[in-house]
Amino acid sequence: MRQPSHDWAYMAAAHLIGSPANIAIAAILEETGKLAGADRAWMFEYDDDFLHFRNTEEWVGKDVSSHVSDLQQTPVTMIGWLHQWLVTGKAVMINDVANLPRPARALQAEMLRQNDKSVLCVPIFHDCILRACIGFDATRTKRRWPVDEIHQLARCARLIGIARYGRAPVDGRRDVVAGSALNGAEPLVHLHMPGRTRGVPLAAIVGLRSAKDYTQIWLRDEAAVLDLRPLSFWIGLLPKPNFLRIHRTTVINISHVTELDRHAGPTKQAWTVRLRRFDQPWAVSRPYRQELRSRLGI
């Protein structure tokens, strides 16, 4: 049967069936990049700690710079604005890199360094977990990719997710490397505070509260510090097995809960939790109570 020239998924499946995953992905990026009129097509993967990512594959058009080796073991906080959308399964089209919002400044700086004018990003999931992202860059002029091409790339992403992460690594080609496994150290997440950046282990974060455009973060061994990014950034970044939203403005580390009071307040109908080393109760809103009970096993 003749391959339909417009069916990207057909082409992707043919490559993934006939070649090892990494070779197939490189071919898919080249073909889809050309079909979409992109200047660069790429893929990055998350490491096992989901706090770092690295570029793994790239195709570039004629006279377009390559950057596949630039971002290796890079903290996810650098792409936090993008990550908060990818982790919910949404494709992200950045029509004008120069006009990205303030919370995306670190991402914008990297994109401008690569001479990106417009960028399309499509998440790759396996077993309901965000594992990677593929996408296109336009470096010569701003570009808006049509919805049909975004859907086509999303179908390719689903096939790549199955082939790349669903196969047993018998051929030695599934080579995602966890930064924590390399150095034996607990992975760090970096806080952006006024005038400085500081790395702390995830386990040291007790709770987070929105402070308008910023976030107050309570740490295990000290008082709260101010991070210069919104709570929505952290909700997208923090691993759900460890952290739980208990209020529109509040996220807690479930491992630090020492007490749940289901009869708090003057009416004895409010819910609050207490967290390790902090006496102040944290309010639990009604929409989040069932999930909290489930996570505490009560």
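The values are calculated or read from the model by the stated rules, or taken from the named source; none is laboratory data. All values reported here derive from a predicted model rather than from experimental measurement. In this analysis, Cβ positions are derived from the backbone assuming ideal geometry, glycine residues included, and neighbour counts consider all displayed protein chains.
Taking region 187-212 on its own, how many of its residues are in contact (Cβ under 8 Å) with a residue 60 or more places away in the chain and either surrounded by fewer than 17 Cβ atoms within 10 Å (Cβ to Cβ) or outside any strand (DSSP E or B) (or both)? Explain how you work it out, then say what you get.
First pass over region 187-212, keeping only residues in contact (Cβ under 8 Å) with a residue 60 or more places away in the chain: 187-190, 192, 202, 206-207.
When the remaining residues are screened for being either surrounded by fewer than 17 Cβ atoms within 10 Å (Cβ to Cβ) or outside any strand (DSSP E or B) (or both), the result is 187, 190, 202.
Qualifying residue count for the region: 3.
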Could you pull out the residue among PRO239, PRO230, PRO194, PRO187 that is at pLDDT 85 or above and either farther than 21 Å from GLU57 by Cβ or aliphatic (A, V, I, L, M) (or both)? PRO230
Out of all the residues in region 121-149, which are crowded, with 17+ Cβ neighbours inside 10 Å and either of a type in the set (Gly, Ala, Ser) or over 19 Å from the mean Cα position of the chain (by Cα) (or both)? ALA132, GLY135, ALA138, THR139, ARG143, TRP145, GLU149
Of all residues in region 217-242, count the ones that are without any contact (Cβ under 8 Å) to a residue 40 or more places away in the chain, within 21 Å of the chain's Cα centre (by Cα) and surrounded by fewer than 20 Cβ atoms within 10 Å (Cβ to Cβ). 3
For region 261-281, enumerate the residues that are surrounded by fewer than 20 Cβ atoms within 10 Å (Cβ to Cβ) and either assigned to a loop (DSSP other than H, G, I, E, B) or in contact with a Ser or Thr (Cβ under 8 Å, 6 or more places away or on another chain) (or both). ASP261, ALA264, GLY265, PRO266, THR267, LYS268, GLN269, ARG274, ARG276, ARG277, PRO281
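In this structure, does GLN290 turn out to be of a type in the set (S, T, N, Q) and assigned to a strand (DSSP E or B)? Please lay out each step first, then the result.
Details: of a type in the set (S, T, N, Q): yes; assigned to a strand (DSSP E or B): no.
Judged against the criteria, GLN290 is not a match.
If a residue counts only when it is touching a Phe, Trp or Tyr at 6+ places or on another chain (Cβ under 7 Å), which helices (runs of 4 or more DSSP H) contained entirely in region 1-111 have at least 2 such residues?
Details: elements: 8-18, 21-35, 80-86.
Helices (runs of 4 or more DSSP H) meeting the threshold: 21-35, 80-86.
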Qualifying position, being more than 18 Å from ALA9 (Cα to Cα), over 18 Å from the mean Cα position of the chain (by Cα) and assigned by TED's automatic domain parsing to the domain that holds GLU31, among HIS67, HIS83: HIS67
Which one is nearest to GLU149 (Cα to Cα), of the residues in region 1-55 that are of a type in the set (Ser, Thr, Tyr) and buried (at least 19 other Cβ atoms within 10 Å of the Cβ)? THR32
Within the set of pairs 6+ apart or on separate chains, which have a first residue in region 64-85 that is more than 10 Å from PHE53 (Cα to Cα), a second that is of a type in the set (Ser, Thr, Tyr) and buried (at least 17 other Cβ atoms within 10 Å of the Cβ), and C-beta atoms under 7 Å apart? VAL64/THR139
